[in-house]
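Engineer: I have a structure I would like to understand better, so I am pasting it below and will then ask my questions one at a time.
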Amino acid sequence: MTNLLYRLAVVVLFATVCSSTCVAQVSPLKFKDSKPQHYKLTARVSKLDPRVKAHPDIDFLINTKDGKPADVEHAAVDTRVSPRGKLVIWLMGHNEPLFDRLNSYGLHAIQVSYANRWFGIKCKEKPVGEHCRGNIRLEAATGQDFSDDVDIPKPDGMMERAYQFVKWLAKENPQAGWSYFLTKDGQGLRWEEVIISGSSHGSTTAARFAKFQKVSRVVALCGPRDQLQSWQSLPSATPENRYFGFSHVLDTGWVDDHYCRSWELLGMHKFGPIVNVDQVKPPYGNTRRLITDFDVNGDAGRAHSSVQPGIRARKDKAGNFMHEDVWRYLYTHPVDVVGEATPLDASCEKNQR
């Protein structure tokens, strides 16, 4: 954990008040629901699109070995809350407590099942090629041929599966306004209205995808990482101020500067310092780089998953989550309201090959 204590000491003192431009945008999306309620829906990918298939070479299946569905996707929206006109696409296992919060912010949310099980199976060479993981991530996200290590066609990529799911939701749950996220011709998603997000492996793929496709925002929980890859420094279709990250200082992603490296290569340092959310109040100096150091009994595994709602998150004695303000900030803070640029940290090793 190179010089992290120094960084913490510096940023504890850094906090600014949200400027007068920090005003929520009015969404053109309006609900037409005679009985407003919190909707939670699921669907099997194999029922939505007959083209999808299993990829046993990367352990990505339609049914598990004991016959249970392995392709269930989740969606949620609360029509009692004014919509922001943004769709969160979550690239990890379904997290209902997180979705409940996203919906309370006025966000639509879906969790997509796509061919992402390659991690830990492919790109195992030592040293691994500097484009290996990044290219597979992009192929898994787009269904386009970016990698020679996998063969993931369009129907099994995240983009197409998200589109097919939203198209189904628009018919199944029309009162919730899902059609707003479809293009005028109905042939794709309006990606500039999408918040692409995930944790760990999913957060890294979210950031890689945003380099390729312009989106509304990226929220990376316990990530992104890929310390031996170079994609983080590529030109980005998504403006740099739209990347947000949150991690725990005892997460092994801080070992050997994995997180600080990715955050700086992505340009997040241009919009504020690393801020400890347990010592600075929102809006955290309008920064993009958030950390926590709450007590996890030295457990790096708990630290890794502690930055999303769940059993390992920080709670008070009554069992209430202590990072509610952080999650709201990550997903709703105006992207054009930014903190002061900070120089690159010379102690954070960017060249790790």
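Engineer: Just checking, which of Gly285, Gly298, Gly272, Gly310 is in contact with an Asp or Glu (Cβ under 7 Å, 6 or more places away or on another chain), of a type in the set (Gly, Ala, Ser) and in contact (Cβ under 8 Å) with a residue 24 or more places away in the chain? Quick ask: steps written out before the conclusion?
Structural biologist: Working: Gly285 fails: in contact with an Asp or Glu (Cβ under 7 Å, 6 or more places away or on another chain); Gly298 fails: in contact with an Asp or Glu (Cβ under 7 Å, 6 or more places away or on another chain); Gly310 fails: in contact with an Asp or Glu (Cβ under 7 Å, 6 or more places away or on another chain).
Criteria check complete, one pass: Gly272.
Engineer: Here's another thing I want to ask about it. For segment 285-339, which positions are of a type outside the set (Lys, Arg), outside any loop (DSSP other than H, G, I, E, B) and out of contact with any Lys or Arg (no Cβ under 9 Å at 6 or more places or on another chain)? Before the answer, list the steps.
Structural biologist: Going through segment 285-339, the residues of a type outside the set (Lys, Arg) turn out to be 285-287, 290-301, 303-311, 313, 316, 318-327, 329-339.
Checking which are outside any loop (DSSP other than H, G, I, E, B) leaves us with 285-286, 290-292, 300-301, 303-305, 321, 324-327, 329-332.
Across segment 285-339, the qualifying residues are Gly285, Asn286, Leu290, Ala300, Val326, Tyr329.
Engineer: Might you check whether a residue that is under 30 Å from Glu125 (Cβ atoms), in contact with a helix residue (DSSP H, G or I) (Cβ under 8 Å, 6 or more places away or on another chain) and among the small types (Gly, Ala, Ser) occurs anywhere in segment 269-286?
Structural biologist: No; the residues of segment 269-286 include none that is under 30 Å from Glu125 (Cβ atoms), in contact with a helix residue (DSSP H, G or I) (Cβ under 8 Å, 6 or more places away or on another chain) and among the small types (Gly, Ala, Ser).
Engineer: List pairs: first in segment 239-250 and free of Cβ contacts under 8 Å to residues at least 24 places away in the same chain and at positive phi, second surrounded by fewer than 24 Cβ atoms within 10 Å (Cβ to Cβ) and polar (S, T, N, Q), Cβ under 8 Å, 6+ apart or cross-chain?
Structural biologist: Close Cβ pairs satisfying both conditions: none exist.
Engineer: Taking only pairs six or more apart or across chains, which ones have beta-carbon atoms under 9 Å, a first residue in segment 123-134 that is without any contact (Cβ under 8 Å) to a residue 12 or more places away in the chain, and a second residue that is outside any loop (DSSP other than H, G, I, E, B)?
Structural biologist: Sorted first by the residue in segment 123-134, then by its partner, the pairs are Glu125/Cys132; Gly129/Asn135.
Engineer: Just to be sure before I move on: is Arg314 crowded, with 17+ Cβ neighbours inside 10 Å and among the basic types (Lys, Arg) in the structure I sent?
Structural biologist: Details: crowded, with 17+ Cβ neighbours inside 10 Å: yes; among the basic types (Lys, Arg): yes.
The answer is yes for Arg314.
Engineer: Okay, next question. Looking only at segment 117-145, which residues are closer than 29 Å to Trp178 by Cα and either modelled with pLDDT under 95 or of a type in the set (A, V, I, L, M, F, W, C) (or both)?
Structural biologist: If the condition is that a residue be closer than 29 Å to Trp178 by Cα and either modelled with pLDDT under 95 or of a type in the set (A, V, I, L, M, F, W, C) (or both), then Arg117, Leu138, Ala140, Ala141 are the ones that fit.
Engineer: Checking Asn135 against (1) closer than 29 Å to His38 by Cβ; (2) among the polar types (S, T, N, Q); (3) outside any loop (DSSP other than H, G, I, E, B): exactly one of these is not met. Which one?
Structural biologist: The single condition Asn135 does not satisfy is (1).
Engineer: Which members of segment 150-180 meet the condition of being buried (at least 20 other Cβ atoms within 10 Å of the Cβ) and acidic (Asp, Glu)?
Structural biologist: Across segment 150-180, the qualifying residues are Asp156, Glu160.
Engineer: (1) in contact (Cβ under 8 Å) with a residue 40 or more places away in the chain; (2) out of contact with any Pro (no Cβ under 7 Å at 6 or more places or on another chain); (3) closer than 22 Å to Ala162 by Cβ: which one isn't true of Ser203, the others all being true?
Structural biologist: (2)
Engineer: Also: Which residue is modelled with the highest pLDDT, if the candidates are limited to segment 243-259 and must be of a type in the set (Gly, Ala, Ser) and touching a Cys at 6+ places or on another chain (Cβ under 8 Å)? Talk me through it step by step, then tell me what you get.
Structural biologist: Within segment 243-259, the first condition is being of a type in the set (Gly, Ala, Ser), and the residues that meet it are 245, 247, 253.
Subsequent filtering for residues that are touching a Cys at 6+ places or on another chain (Cβ under 8 Å) retains 247, 253.
Working: Ser247: 98, Gly253: 93.
Across segment 243-259, the extreme among qualifying residues is Ser247.
Engineer: May I ask you to say which residue of Gly319, Gly272 is modelled with pLDDT of 95 or more, of a type in the set (Gly, Ala, Ser), on the phi > 0 side of the Ramachandran plot and surrounded by fewer than 21 Cβ atoms within 10 Å (Cβ to Cβ)? First the steps, then the outcome.
Structural biologist: Details: Gly272 fails: surrounded by fewer than 21 Cβ atoms within 10 Å (Cβ to Cβ).
The unique qualifying residue is Gly319.
The values are calculated or read from the model by the stated rules, or taken from the named source; none is laboratory data. Note that the structure is predicted; figures quoted are calculated from it, not measured. In this analysis, Cβ positions are derived from the backbone assuming ideal geometry, glycine residues included, and neighbour counts consider all displayed protein chains.
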